[in-house]
1. Within the set of pairs 6 or more residues apart or between chains, which connect a residue that is without any contact (Cβ under 8 Å) to a residue 24 or more places away in the chain inside segment 105-123 to a residue that is crowded, with 18+ Cβ neighbours inside 10 Å and not in a helix (DSSP H, G or I) with Cβ atoms less than 8 Å apart?
2. Residues G184, G161: which one is surrounded by 14 or more Cβ atoms within 10 Å (Cβ to Cβ), modelled with pLDDT of 95 or more, over 25 Å from Q28 (Cβ atoms) and not β-branched (V, I, T)?
3. If you check every pair at least six apart or on different chains, which have Cβ atoms under 8 Å apart with a residue in segment 221-234 that is assigned by TED's automatic domain parsing to the domain that holds I183 first and a residue that is among the hydroxyl-bearing types (S, T, Y) and not in a strand (DSSP E or B) second?
4. Restricting to segment 43-61, what's the tally of residues that are more than 17 Å from N14 (Cα to Cα) and either surrounded by fewer than 15 Cβ atoms within 10 Å (Cβ to Cβ) or touching a Gly at 6+ places or on another chain (Cβ under 8 Å) (or both)?
5. Can you list the strands (runs of 3 or more DSSP E) lying wholly within segment 158-249 that have 3 or more residues being within 28 Å of K119 (Cα to Cα) and not β-branched (V, I, T)?
6. Given the conditions (1) of a type outside the set (G, A, S); (2) outside the structural domain of Q37 (by TED's automatic domain parsing); (3) at pLDDT 95 or above, report the number of the one that L147 does not fulfil.
7. Conditions first: (1) more than 30 Å from G95 (Cα to Cα); (2) free of Cβ contacts under 8 Å to residues at least 40 places away in the same chain. V175 passes all but one, so which condition is the exception?
8. Pick from segment 198-227 the residues that are farther than 15 Å from V244 by Cα and among the charged types (D, E, K, R): which of them is surrounded by the most Cβ atoms within 10 Å (Cβ to Cβ)?
Amino acid sequence: MDKLRLLKEGLVANDLKGFVNETFTLDQYRSKMGEDQDVVVIGFRVSEKAPATDLMEFIERGYPFVLDADISSGEERDGHYQVFVEIERTPKFPGQLKELLSGVSRLTDNYDWRFRYFKDMKGQKFTEEAITETVPLDQESYKSKVLEIKNTEVAEFFNQGATEVALDEDNTIVVKKPYSGPIGMELLAMGEYNEISESIPGGIQLDEASQSQVAFLEKYLGNYDINKIDGKFLIRNGQKAMIVKKDRW
């Protein structure tokens with residue numbers, strides 16, 4: 001993108017220098033324009049609201065392949081804002097992302113871009129090849145990759161007992177324990193305990209049937225803090241937690 005185009009958009013080169021983090025995310029946030037399996041969501045982290053708005057408007061007006069660009073409704077805990085960019089999930093995405101970053105680089109003076117995919121915290125250097133290898137570019141590849149990542153997270157969560165754990169395509173966790181039959185639980189949410197615990201309303205159910213179910217899960221699963229709330233089970237392992245639902249006993 002040349003300087004003339006930047007001027008037409010109301011910005012000049014380096015106008016956003018120092019405001020935009022060089023590490024962006026891919027598929028970490030949900031799409032509002034369609035299904036996640038059809039849309040890649042890019043997240044740019046910006047230190048102030050006005051530059052975030054400028055970046056959002058620049059991207060939205062300047063690239064026909066961008067389905068939508070938006071800014072987070074409020075500040076993050078450290079005062080930063082997110083600019084979300086949605087692009088259709090197709091084999092063209094790596095080249096489209098390269099074109100987008102080329103323009104953003106002129107505004108930000110960022111040329112050493114890095115990206116983090118999904119919940120990966122390490123990140124890697126941006127190249128078209130790295131995007132092609134890391135980001136699913138069609139529906140089936142996306143479903144397969146997300147299921148693989150979730151299975152790893154679920155297996156790491158259940159590390160307190162001698163159990164075999166797997167998550168299937170229906171979001172059902174199947175837990176197997178030696179000398180016992182398998183049990184199935186629907187996974188509703190998983191993440192940091194403070195956030196997950198706040199998302200489930202109501203108080204702990206202390207009736208006899210609920211406490212009997214909790215005791216069974218504690219004995220079967222291992223050393224976890226388990227409570228039944230609003231007909232669901234909140235399972236805690238250190239700073240992590242998940243909400244599951246179990247209909248059959």
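The values are calculated or read from the model by the stated rules, or taken from the named source; none is laboratory data. Keep in mind that this is a model prediction, so the values were computed, not measured. All Cβ positions, even for glycine, are placed from backbone atoms using ideal geometry, and neighbour counts span all protein chains on display.
1. Matching pairs, first to second residue: S105/W113; K122/R116.
2. Criteria check complete, one pass: G184.
3. These pairs meet every condition: L221/T163; G222/T163; K228/S210; L234/S197.
4. Qualifying residue count for the region: 1.
5. By residue number, 164-167, 183-192, 225-229, 232-237, 240-245.
6. Among (1) of a type outside the set (G, A, S); (2) outside the structural domain of Q37 (by TED's automatic domain parsing); (3) at pLDDT 95 or above, L147 violates only (3).
7. All conditions pass for V175, except number (2).
8. Checking each candidate, the answer is K219.
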